[in-house]
1. Taking θ as phi - 60°, what are the ³J(HN,Hα) couplings along the range B:32-47 by the Karplus curve (6.51, -1.76, 1.60), each to the nearest whole Hz, with x for Gly and Pro?
2. Provide a whole-number value for the mean count of partner chain Cβ atoms within 10 Å of the Cβ atoms in peptide B:36-42.
3. A:Phe244 to A:Phe23: extension gain in nm, 0.36 nm per residue of separation minus the Cα-Cα distance?
4. So what's the gap between the Cα centers of the range A:163-202 and the range A:111-135, to the nearest angstrom?
5. So what are the three principal axis dimensions of the range B:40-92 from its Cα atoms, in whole Å, longest to shortest?
6. Between A:Lys409 and A:Glu255, what is the spin-label point distance in nm, taking each point 7 Å from the Cα along the Cα→C-beta axis?
7. Calculate, in nm to one decimal, what A:Val159 and A:Asn64 gain on full extension: separation in residues at 0.36 nm each, minus their alpha carbon distance.
8. How much FRET efficiency would the formula 1/(1 + (r/R0)^6) give for A:Leu675 and B:Asp135, where r is the Cβ-Cβ distance and R0 is 35 Å, rounded to 0.05?
Amino acid sequence: MDTDEETPLDEKARRTRDLLASFYSPIPSESSNNPFSKHISPDDINSSSFQPDQYMKILARKSNLEGLLQKHVEMVAEIKNLDTDLQMLVYENYNKFICATDTIKRMKSNILGMEENMEQLLEKIMSVQSRSDSVNTSLCENREHIEKMHRTCNLLRKVQFIYDLPDRLGKCIKSEAYADAVRFYTGAMPIFKAYGDSSFQDCKRASEEAIAIIVKNLQGKVCSDSESMQTRAEAAVLLKQLNFPVDYLKTKLLEKLELSLTDVQFIPAVMKNDSPSTHEEAIHEFVEAIRAFRVIFPDSEKQLAKLAQDLITKHFLMIEGYVHTRISSEDLLGVLRVIWNDVLRMDEVLEEASLSDHSLEGTKDAVKLYIISAFSHLTHDISDHLLKVLKRGGAEDYSLEVALDASIKAVSDGGRKVLLDMHKILDDNLEIIDKLRELIIDWVQQGYQDFFRDLEELAASVSRESVRGYEYELSFVPGVISQKFRAAGEKFLQLHKEPREVHMFVDLFLQELKITNNEVKQILPQDLTKHRRADSNGSSASSRSNSFREEKEKLSRSNIQKGRSQQLLETHLAKLFKQKVEIFTKVEYTQESVLMNIVKLCLKSIQEYVRVQTFNRSGFQQIQLDIQFLRTPLKEVVEDEAVMDFLLDEILPSIDFPPSLFCEQVIVAAVERCLDPIPLELPILDRLIQAKLAQT
Amino acid sequence: MQAASSGIGYGLKYQARCISDVKADTDHTSFLAGTLSLKEENEVHLIRLSSSGTELFCEGLFSHPNEIWDLVSCPFDQRIFSTVYSNGETFGAAIWQIPELYGELNSPQLERITSLDTDSCKIKCILWWPSGRHDKLISINEENLYLWNLDVSKKTAQEEFMMIWQSSSTAFPYIQTKPQVQSQDSAGMLHKLSGGAWDPHDVSSVAATCESYLQFWDVRTMKKTISVECSHVCSVDYHPQKQHILVTAEHESGIHIWDLRKPKVPIQELPGHTHWTWTVKCNPEYDGMILSAGTNSTVNLWLASTNHEELTTERQVDSSARWVDPLLNTYSDYEDSIYGLTWSSREPWIFASLSYDGRVVVESVKPFIPQK
């Protein structure tokens, strides 16, 4: 039932749409037809290709009577419907048409009459315009006339002014009202520029002459010192307004000022003798000039400041030169005081230049230089002193003690003098020094430190022994000597021949020792108490020691020749019984002790060198020879003043004389480091030593 | 004589120069010492400090073919050590291994793992890689430095180390089948190298002592980097904790402490010994504690400040008031020059010294360790 109800409704709507479409559009669109139309084309009642006969046939064939009747009823109803639809459409359309016609009628009646109104309006506007034009033209003439008259009036007034200008300027010159004159002239200037060559020629010439006079007068005013500052400054301003090259004037004046500065004599050396008036006057002038200048040329501060600073700098340079010539502190103070006064005065007129800072720097440098040079002079004096001593050193009578005394005196005197000088500087109540007080104290302290360091270096280089001897620093001597051994020691290894003579290093060693001995004797006192005691039993002891030593030597020689294992055993045994030897006892400040220690250290060094080498027989024999030769002179060095015996008997009674002990240790070391330690025969040894002795 | 000192003594049969701490032995405090006898049969002693710390006993005694001028224990294997030796004419160097079963043998022979054969130059010392297991070694002779590549591979069958000098490299560009000359000093005979130390902080840097200079070599580029002037320098040791700090001993002028960032002037000088200062060693643990040994038969214990800033500020303060003697103690229980000196790395308050007459003395510095 549902479907039955819907289909006719749908169909109706569609049909209505199609009808409307066919009415409004000329070509009935195919697409509007539903797709079924193709299939049911002949019997579809709605299609355009509907064939009633065929439709009837099909219908008759398909349906029974009842169905046909029903179809008939349906169709009639449908046709009725369609008819009413069509009627309604037609009616509606007619209605609309009538409405449209009415509207058009009304519009037509409304537009009539409007055009006439418009034309009237246009006419009226045209007449208003023409009237206003006529009024304008009638007034224009009068207006132009008035303007022309006004211009003429102005011009005439100016012409009058220009014609009057020379007179006016003249009046101004008379009354010295230069400011007005300049104002007038600069006012007239444009006109002169435009017409000066034609109508106003005379006038221009006359006023230019007047202005020239004015310029001259003004220049005179600016340059003259008699005029007041105010007027001079005003004159400068006026000149500037007249386009006069003021800068030129300024530089000229500055140059003049600078030139006058060169006259400001500042010769420190002269200063103290001469009365300071000339300098003071010059400075006074300079200060005045600066003051004037500042007023006249307000923008000239920078140049002035530079000028003043240059002056100060120049002065300080002179002071530096002066300081180099070894001046006293009073001189320095005097010079500084003068400068400081100058600076204070200049500062009054030129605060911007920060002259006091500038001069503070300068003073700082100068004082520092003074301190440094004071110390360097001091050092120089002392080194001169020592050099003199050293030069004399070639001569027999040179004495380290004297040199030392002299240099100590020089050091203390010089130091005191410097200190006094510094005190003077510090005690002075000069303001600038006050400001630098802390710095100066620092410098002086620094100076003293440097000085003493220099002094130490000097002392170390010039007279090592004299200073160091006191300080219980002796190892440097073996240091020097051992350097010489070093080279010599290396050569031992290369020896392949039997030794022919005592090696050169022995000579060097002895030579060095002799020099040291000489110096030590001058520095250090003898051990007098011990000496006396040694003297008393000297003779007997010495003989004893000699025999003792010989025995010992024999023993050591025999050691060498013994078998190795036996020798080892012996050394071990010897170690057990030997009291431990304090090799390096504390050095006492006596000649004997110092010399003894030097010899000990040297021999110990030789021993150490020997220990790091390996020798063949020849090398060993060379060492044997050298050491044997050394024994005697070494003993002489130490034996001097009969210390030897004392040493033998009282200090170290149980052992041999230390140098001999060390000599032996060198030999022992050499034996240990030799693969084939066969010593030289005694006669050969003696012969070689004798030959060497004969040489020297 | 024994009673007078706190030290524990031990006697070698012959004269001796070198003693080394056995760093790799972490269970005992042990030292290796080698004798120096031209004519006798030389020995290497393995010395051990008893656990009570009151006695030294001989743990092993091995014969060594030549007199020993330098001996260093391998830092990573307690049975390996290197020696520099001489038969009186020529010098040589070798790596040795203590045999496994030496306790059961009467006179065990050392196993020579390899020789470090170079040219005829007088070899001075061997430097092991500063710490840990590593295959690099340096040997220094009078003219050259050699860098060796040590290939240690354990063979399972024989429990034996194989050492091969290889021409392959991992870390360094120069590893030689035959070692190449690393450095040749142009000055020739005048400047002979005498020893050196490997920087533990920068393993590319080696310091070598050279007569009057301390030279620094970069082992990567094989070039000399800087040279510090100090006369007759004979021993050098790096500060174990602080980089750039090292200590030198000089024959005549004592001990100098340097900061390599300011190599012109030493940061501190210590007076050294009354005769030559032979060797100097920094304590591995305690900062500033330095030992020096000299040919005046003494060992000195110093406490130096290694801090440069501290030093300078101290100097500004009133120096006399605050000055403390850097010399803590002098050990003088010796009868001959002392050439051998070493700290124990296991017990860093203990050191061993060896004097030329063959006497080993072990001392404790405990009383002098500064209280923190």
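Quick note: the coordinates plus some simple rules give every number you see, no bench work behind them. These numbers come from a predicted model, not from an experiment. With ideal geometry, Cβ positions are generated from the backbone for all residues, glycine too; neighbour counts draw on all protein chains shown.
1. 10, 10, x, 8, 10, 10, 5, 10, 8, 7, 7, 9, 10, 9, 9, 10
2. That works out to 4 on average.
3. In short, 69.0 nm is gained.
4. Here the two parts' Cα centres lie 65 Å apart.
5. 43, 28, 13
6. A separation of 6.3 nm, rounded to one decimal place.
7. Taking A:Val159 through A:Asn64 to full extension adds about 20.6 nm, to one decimal.
8. 0.40
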